[in-house]
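The values are calculated or read from the model by the stated rules, or taken from the named source; none is laboratory data. A quick note: this is a predicted structure, and the numbers were derived from the prediction, not measured. For neighbour counting, all protein chains shown are included, and Cβ atoms are generated from backbone atoms with ideal geometry for every residue, glycine included. Heavy atoms of the whole protein, side chains included, go into the accessibility calculation; ligands, DNA and RNA do not. Shrake-Rupley method; radii C 1.70, N 1.55, O 1.52, S 1.80 Å.
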Amino acid sequence: MLGQVAHVMDKHKYNVDMIQNLICQAIKERKVISFIYKGNRRVVEPFTLGHLKSTGNLTLSAWWLSGFSSSSEKPDWKLYSITKISDLELENESFSSIREGYNPSDSRMGEIICTI
């Protein structure tokens, strides 16, 4: 039983690492990404991946383009906890503009992993 728990934890760590690597690739290449978050598909422009100061959680700061959002009906900045992301895909669509409000030294982050 203990071995099974360790296996699940290793699998979770692998998934987080894989998601982190894909998000950093998307940020570097300025690729739109889509993923399932809290049961709904989201499409975003990823800008910054880092650990939030307040929680230490690995979090994506992104410009939300489409998909379900309980907090907004128009495109805006959103934070996504990496542990709640699944089915991450890099889309064919790229983006070039820097969105209003972007800050490469995002003060919400205690540590920045990658940013535009």
In Å², nearest 10: area of ILE113 left accessible to a 1.4 Å probe
60
SER97 - accessible surface, heavy atoms, 1.4 Å probe, Å² rounded to 10:
60
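When ligands, DNA and RNA are left out and all protein chains stay put, how many square angstrom of accessible area per residue does the chain have with a 1.4 Å probe?
On the way: 6990 Å² over 116 residues.
It amounts to 60 Å² per residue over the chain.
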Hey, can you grab everything whose amide H is under 5 Å from the amide H of GLY110? Only 5+ residues off in sequence or another chain; H modelled, so Pro and N-termini drop out.
HIS51, LEU52, LYS53
Here P(r) for region 23-68, Cα-Cα distances in 5 Å bins, as whole percents, is 6, 22, 27, 24, 17, 5
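Which of the chymotrypsin sites (Phe, Trp or Tyr not before Pro) across region 25-116 are loop residues per DSSP, with 12 or fewer other Cβ within 10 Å? Kindly include the intermediate steps, with their values, before the conclusion.
Working: sites: PHE35, TYR37, PHE47, TRP63, TRP64, PHE68, TRP77, TYR80, PHE95, TYR102; in loops: PHE68, PHE95, TYR102.
Sparse-neighbourhood loop chymotrypsin sites (Phe, Trp or Tyr not before Pro): PHE68.
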To the nearest 10 square angstrom, what accessible area does THR115 show with a 1.4 Å probe?
50
What net charge do the residues around SER105 carry, taking every other residue with its C-beta under 13 Å from that of SER105, with Lys and Arg at +1 and Asp and Glu at -1?
0
From the backbone phi of region 45-60, what are the Karplus-calculated ³J(HN,Hα) couplings (6.51 cos²θ - 1.76 cosθ + 1.60, θ = phi - 60°) in whole Hz, Gly and Pro given as x?
9, x, 10, 9, 10, x, 9, 4, 4, 5, 10, x, 5, 5, 9, 9
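Quick one: net charge of THR55's neighbours, Cβ under 15 Å, K/R +1, D/E -1?
On the way: positive: LYS53, LYS84, ARG108; negative: ASP106, GLU111.
Charge balance near THR55 sits at +1.
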Note: GLU93 to ARG30 extended length (0.36 nm per residue) minus current alpha-carbon separation gives 21.8 nm
For the chain, longest principal axis from Cα atoms; helix 2-29 axis from its Cα atoms; angle between them, nearest 10 degrees, is 20
Counting only protein heavy atoms and using a 1.4 Å probe, what share of the accessible area of the chain belongs to carbon plus sulfur, as a whole percent?
52
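Please grab the % of Cα pairs in the chain that end up more than 20 Å from each other.
On the way: 2714 of 6670 pairs.
Considering the chain, 41 percent of its Cα-Cα pairs are separated by more than 20 Å.
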